[in-house]
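Novice: One structure, as structure tokens, below. Some questions next.
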Amino acid sequence: MNKLLYEGNMNLASEAKELVLVLNDIVAGLESYNKDSRQEYTSKMAARLKPLVSSFENFVIVEKSKESAKLQLDEIKELMHNVNGAATKGEIDFVSGNILNKYWELSTIFQETRFSHEKL
């Protein structure tokens, strides 16, 4: 996993940037999975997820569009349920540490009231 650069005083922008890092780590884990017959599945999942993550990253870092980032994350969440399900059932083991847990912790940042008045 990438070293998380946004520690300390967490705000919406820093947590969104951390989520970008986490999502990129998940995509990289799916892309590099080569342990068994599920490699085709993980490659396809990575191919579906990667452009969504790239778009999310653009909304967070370049455009700083909270609403667009939130909508993009909603699309990402749909795919992440599949990824998480396969990982939880032990069908695929593609990431180290608690990267999926960190994703789920951060995935609610646009719904949290503590960030409701913050901009990216």
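The values are calculated or read from the model by the stated rules, or taken from the named source; none is laboratory data. All figures in this text were calculated on a predicted structure; none of them were measured in a lab. Every residue, glycine among them, receives a Cβ derived from its backbone with ideal geometry; neighbour counts consider all protein chains shown. These accessible areas exclude ligands, DNA and RNA; they are computed on the full protein's heavy atoms, side chains included. Shrake-Rupley method; radii C 1.70, N 1.55, O 1.52, S 1.80 Å.
Novice: Roll a 1.4 angstrom probe over the protein heavy atoms and tell me the percent of accessible area of the chain that is carbon or sulfur. List each step's numbers first, then the result.
Specialist: Values: 3220 of 6660 Å².
Using a 1.4 Å probe with all protein chains present, the chain comes out at 48 percent carbon and sulfur.
Novice: If each of residue 104 and residue 75 carries a label point 7 Å out from its Cα toward its Cβ, how far apart are those two points in nm?
Specialist: Result: 2.5 nm between the two label points.
Novice: Keeping every protein chain present and rolling a 1.4 Å probe, give me the accessible area per residue for the chain in Å². List each step's numbers first, then the result.
Specialist: Numbers: 6660 Å² over 120 residues.
I get 55 Å² per residue for the chain.
Novice: For the stretch 29-120, what number of Lys pairs, 8 or more residues apart or on separate chains, have alpha-carbon atoms under 14 Å from each other? Walk me through the intermediate numbers first.
Specialist: Numbers: 50/77; 64/119; 66/119; 70/119; 77/102.
Going through the stretch 29-120 pair by pair, I get 5.
Novice: Mean Kyte-Doolittle of at least -0.5 plus a Cα span of 27 Å or more along the axis: flag which DSSP H helices in the chain meet both, please.
Specialist: Values: long enough: 12-32 (30 Å, 0.86); 66-88 (30 Å, -0.60).
Helix filter hits for the chain: 12-32.
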